[in-house]
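*Asks:* Handing you this structure, nothing more for now.
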Amino acid sequence: MNTSPAVSPCLSFKHWKRKRYAVFCTLHKVVRIGVLSVAYFLLTFGAKAQTITVIDTSRIPDQDIEEVVVSAGRTPVTAQQVARVVTVISAAEIERAPAQSINDLLRFVSSVDIRQRGPLGAQADISVRGGTYDQTLILLNGINISDPQTGHHNLNLPVTPESIERIEILRGPAAKTFGPNAFNGAVNIITGNRNPRHMRASASAGQFGLLNGSLGISGTHGNFRHFLNGGHLSSNGYISNTDFQQNTLFYQSALKTKSGSADFQAGFSARDFGANSFYSLKYPDQFESVHTSFLSLKYESNTRVRWSPVIYYRGNRDRFELMRNDEIKVPFNHHRTRIYGMNMITGFFLRQTKISLGADIRNEHIGSTVLGNPVESPKKVAGYENTFYTRSYNRLNTSLYAEYLFSSERITLQTGLMAHHNRGLGHFRFYPGADLNYRIGNYHSLFAAYNLTLRMPTFTDMFYKSPVQQGNPALKPEEASTLEGGWKYNSPVIKTFVTVFTRKGNNLIDWVKDPSPDSLFWRSMNHTQINQKGVEISFKITPSPESRFNRIVSAGISYTFLKADSDHGELLSKYALDYLRHQVTSSVNVRITGKWFGMINLTWRDRNGNFQDMSGKIQSYRPFWLADARISRTSGIITVFSDITNILNKHYYDYGGILQPGIWIRAGITVDICLAKP
């Protein structure tokens, strides 16, 4: 009996292979991807396009394979060769996870810190290895969609969990590959549907007036593939002024020819939410509306010398209300950011060596009522008669890349260099990096890496001004050097790793204030230095369906320890020093009986740092446990499920004083329909 989880209730489908932006490329097999030790995953120069294979999923179970091709930097190697660690949340894990949003999927990943203000994607910040939310780069199918206004908007994504094929989380700096802002890590969200003619509809409801629905359709016409997904998520809120509504629409397509392939994607996201005390505990009636649009077009040649040009656009409109629906007392803040980018990568292959060269140009512009420099000719804010963008700021980022890869049976060496120029820097600055992996036997590897990186200040860091906050236009870029090393074991059944790292950071940016109860004023500044040390340990087992433990689909546990030293003195830190000092994450996915499956995620968090409560008293963060669970049953084309989040009903704070939801119960149904048989 096949006790492995079915990847699709459809009787047959054509599996999409060799995605140009993906890390993992299946070698004519269905792959269950757990925690794999892999490296950078942008712009793979792989082999020629492979023939799409028809697979009968009712007969073929999921399989684990070792020689998965990955993109370590800008050139491909196998998973056993690379010298970095990437955690992958696979499609099967996403389908069984107790998650209604991308935030839910990420908050139980080790070394990842999801700090929510609003639940279920209303607003959340992501950081990796104890960094701030501005230090993690967000990619959608390999395209940089991070927001230059503020990292609070980085997870304003036009996709639903049902549209995600997998999520890849890189720990550690990646400037030599991705450029600025890949300071402590990068998250690549890969979308699509593995079935070429398929429709998936999902709906759920729960406490606090929760309504969640999505519809996705995929199709294939010769060499042309396309995928369309739309979603809605809303709630009345778990406490006063925490209601929210989110709508998303996403489309992607791909065209393959003999000479190469073209990929197009476009998306739109609208989020409106009550922001109870989000940015100040003294104002519980805050409100925010954020609309984000995105599109990109990419081509990759299939010639001997590979070249891959990309153009992309991201737009964001943000309206912040300190007092909800009351513009007379306090004028609303309006912001509009526009990003235009293009890059070109070319690759040369010479036996055991591979060389990649590239250039990236990214223009970031903001028009605002509060951010930027005064303008001579204000522009009208759409939809508001007497409101104008009176300030603006523009910066052009230019990055040049070079990477060299040497690979043999035992040794893989990757070295790279990024040269970056920005109007705030005055000249090009250079950020090198090197990764070394030594393979011992079939599954064991030792690895080490050293990388320099930077992050440009956000427009909020530079210009935001309010009665209690003051930005700093003279901020310098953050810079850091990171040294790490470790051991990994990657077999079809067991995947484990141990990593030790140290980071020396200069000019790190934070909002700080005097800790006195009478002090209310926050200002942004460069810390002279913040040094960080950490240890990451992870173990995951995926038993074979034929083993005695075949009821266990997967089980894993991870631990992360972080410690930072700063010369900020007695100043109260708002972000940079509020890292997770201890983090334990565990997950168990089991077949309960027959077609019933259960998954439970558990985490313990002990956060460093302090916060100031409503009375002005300094409070320390308290450690807490969180547990989420899902029970699901798939029969034919129908899957029914029930989720319980925060099972222990813990009262906790991700940000000081902003209470997060207690126990939350919801249930739903998913219908998968094959529109046509091959």
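The values are calculated or read from the model by the stated rules, or taken from the named source; none is laboratory data. The structure displayed is predicted, hence computed values, not measured ones. Don't worry about glycine lacking a Cβ; one is built from the backbone with ideal geometry, like all the others, and counts go over all protein chains shown. The accessibility values were calculated without ligands, DNA or RNA, using every heavy atom of the protein model including side chains. Shrake-Rupley method; radii C 1.70, N 1.55, O 1.52, S 1.80 Å.
*Asks:* Tell me which residues come under 5 Å, amide H to amide H, from Asp147 once H is placed; ignore anything under 5 positions away on its chain.
*Replies:* Under 5 Å from the amide H of Asp147 lie the amide H atoms of Asn154, each far enough along the sequence or on another chain.
*Asks:* Quick one: which residues, 5+ away or cross-chain, put their amide H under 5 Å from the amide H of Ser445? H built at 1.01 Å from N.
*Replies:* Distant-sequence amide H within range of Ser445: Ile440, Lys488.
*Asks:* Sketch the reach of a paramagnetic label on Arg324 as a point 7 Å from Cα along Cα-to-Cβ, and name the residues of the range 639-678 whose backbone nitrogen lies under 15 Å away.
*Replies:* Under 15 Å, as judged by backbone N against the label point of Arg324, lie 659 of the range 639-678.
*Asks:* Kindly provide the helix-only [θ] at 222 nm of the chain, computed as the sum of -39,500 (n - 2.57) over DSSP H runs of four or more divided by all residues, to the nearest 500 deg cm²/dmol?
*Replies:* Theoretical 222 nm ellipticity from helices: -500 deg cm²/dmol.
*Asks:* Another question about this same structure. What accessible area per residue, rounded to a whole number of Å², is obtained for the range 385-453 using a probe radius of 1.4 Å?
*Replies:* 49
*Asks:* What list of ³J(HN,Hα) values in whole Hz, one per residue of the range 619-631 in order, does the Karplus curve 6.51 cos²θ - 1.76 cosθ + 1.60 (θ = phi - 60°) give from phi, with Gly and Pro shown as x?
*Replies:* After applying 6.51 cos²θ - 1.76 cosθ + 1.60, I find 10, 8, 5, 9, x, 7, 9, 10, 9, 10, 8, 9, 10 Hz.
*Asks:* Further, regarding this structure: For the range 224-350, calculate the relative contact order in percent as a whole number, restricting contacts to Cα pairs under 8 Å that are 6 or more residues apart.
*Replies:* 18
*Asks:* Applying 1/(1 + (r/R0)^6) with R0 = 56 Å to the Cβ-Cβ distance of Asn363 and Ser635, what FRET efficiency is obtained, to the nearest 0.05?
*Replies:* Approximately 0.60, to the nearest 0.05.
*Asks:* Are any of the pairs Lys495/Lys533; Lys329/Lys476; Lys298/Lys533; Lys488/Lys574; Lys540/Lys650 more than 32 Å apart by Cα-Cα distance, and if so, which?
*Replies:* Result: Lys329/Lys476; Lys298/Lys533; Lys488/Lys574 exceed 32 Å.
*Asks:* Summing Lys, Arg as +1 and Asp, Glu as -1, what charge do residues with Cβ under 9 Å from the Cβ of Glu321 carry, Glu321 excluded?
*Replies:* -2
*Asks:* Taking amide hydrogens as modeled 1.01 Å from N in the peptide plane, which residues meet the under 5 Å criterion relative to Arg166, leaving out close sequence neighbours?
*Replies:* The answer is Ile190.
*Asks:* Can you work out the Karplus-derived ³J(HN,Hα) for every residue in the range 336-344? Use 6.51 cos²θ - 1.76 cosθ + 1.60 with θ = phi - 60°, whole Hz, and x for glycine or proline.
*Replies:* In residue order, the calculated couplings are 9, 10, 9, 10, 10, x, 8, 8, 9 Hz.
*Asks:* Which percent of the accessible area of the chain is formed by carbon and sulfur heavy atoms (probe 1.4 angstrom)?
*Replies:* The value for the chain is 60 percent carbon and sulfur by accessible area.
*Asks:* Just to confirm, what accessible area per residue do you get for the range 560-678 at 1.4 Å probe, in whole Å²?
*Replies:* Per-residue value: 45 Å².
*Asks:* Still on this structure: Just check the range 435-486 against the gyration tensor rule for me: Cα atoms, a ≥ b ≥ c as the square roots of the eigenvalues, rounded for a/c under 1.5, and otherwise prolate or oblate depending on whether a/b exceeds b/c.
*Replies:* prolate
*Asks:* Continuing with this model, one more query. Net charge within 14 Å of Gln583 by Cβ-Cβ distance, Lys/Arg positive one each and Asp/Glu negative one each, not counting Gln583 itself?
*Replies:* Here the charged neighbours net out to +3.
*Asks:* While we're here: Please enumerate, by chain and number, the aspartates and glutamates with C-alpha under 14 Å from the C-alpha of Lys563, excluding those fewer than 8 residues away in the same chain.
*Replies:* Glu536, Asp578, Asp606
*Asks:* If you take every DSSP beta bridge whose two residues both sit in the chain, what share of them, in percent to the nearest 5, is antiparallel?
*Replies:* Restricted to the chain, the bridges split so that about 95 percent are antiparallel.
*Asks:* Suppose every Lys and Arg Cβ carries +1 and every Asp and Glu Cβ carries -1, with no other charges. What dipole size does the chain come out with about its Cα centre, to the nearest 20 debye?
*Replies:* Here the size comes out at about 1780 debye.
*Asks:* I need the phi-derived Karplus couplings for the range 358-365: 6.51 cos²θ - 1.76 cosθ + 1.60, θ = phi - 60°, integer Hz, Gly and Pro marked x.
*Replies:* x, 9, 9, 10, 9, 9, 10, 9
*Asks:* Give or take rounding to whole Å, what are the principal axis extents of the alpha carbon atoms in the range 545-659, in descending order?
*Replies:* Ordered largest first, the range 545-659 gives principal extents of 60, 29, 21 Å.
*Asks:* Let me ask something else. Classify the range 149-243: rounded, prolate or oblate, from the alpha-carbon gyration tensor (a ≥ b ≥ c, eigenvalue square roots; a/c under 1.5 rounded; otherwise prolate if a/b is larger than b/c)?
*Replies:* Verdict is oblate for the range 149-243.
*Asks:* Here is a further query. If you count only protein heavy atoms with a 1.4 Å probe, what accessible area per residue comes out for the range 174-283, rounded to a whole Å²?
*Replies:* Using a 1.4 Å probe on heavy atoms only, each residue of the range 174-283 averages 33 Å².
*Asks:* Ok, one more. Express in Å², to the nearest 10, the accessible area of Val290 obtained by rolling a 1.4 Å probe over the protein heavy atoms while all chains stay in place.
*Replies:* Counting only protein heavy atoms, Val290 exposes about 0 Å² to solvent.
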